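The structure appears below as structure tokens.
Read-outs throughout are calculated quantities, based only on the coordinates presented, and are distinct from any laboratory measurement. In this text, all values refer to a predicted model and were calculated from it rather than measured experimentally. Neighbour counts are summed over all protein chains in view; Cβ atoms, including those assigned to glycine, are modelled from backbone coordinates with ideal geometry.
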Amino acid sequence: MDIPDINHYDGQGEEELLTTAQMASELKCSLRTVHEGTRKRTIPHVRPPHGRRCYSRRQWLAEWLAGAPLETIELAHGGRAVLPKQPKRKGGR
């Protein structure tokens with residue numbers, strides 16, 4: 001699973017992390033809807049340990065909108081990642 005290191009993110013090399021305002025723009029919904037979705041864990045996002053802000057990636061939002069179920073991973077010190085589940089590969093790999 002690709003959980004970004006938000007505490008050391010420099011904006012280079014990886015896909016840009018979106019703020020909640022940018023998520024609302026991408027999803028064409030209100031900021032309140034995004035905040036409620038992250039609180040209820042129904043929108044893909046990550047919240048860094050000891051943090052209050054949530055971030056997402058366009059790829060995660062696209063996978064979720066395409067119907068991928070979400071999986072919650074609890075991180076240390078109150079952080080969490082709510083990400084689209086990766087499909088299992090055939091052949092046990």
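Peptides 77-88, 35-46 ranked from most to least packed by the mean count of surrounding Cβ atoms within 10 Å: 35-46, 77-88. Extension gain for THR42-GLN22 works out to 5.5 nm (0.36 nm per residue, less the C-alpha to C-alpha distance).
With neighbour counts taken as other beta-carbon atoms within 10 Å, the residues CYS29, CYS54 rank, fewest first, as CYS29, CYS54. Short-range pairs are left out: with C-alpha atoms under 8 Å and at least six residues apart, the relative contact order of the range 16-84 is 33 percent.
Full extension of the chain between ALA66 and ARG32 yields a length gain of 10.0 nm, computed as 0.36 nm times the residue separation minus the alpha carbon distance.
Here the 3J(HN,Hα) profile of the range 26-35, calculated from phi with Karplus coefficients 6.51, -1.76 and 1.60 at θ = phi - 60°, is 4, 8, 6, 9, 7, 4, 4, 4, 5, 4 Hz, Gly and Pro shown as x. Magnitude of the charge dipole for the range 16-84, about its Cα centre and with charges confined to Cβ atoms of Lys, Arg (+1) and Asp, Glu (-1), is about 260 debye.
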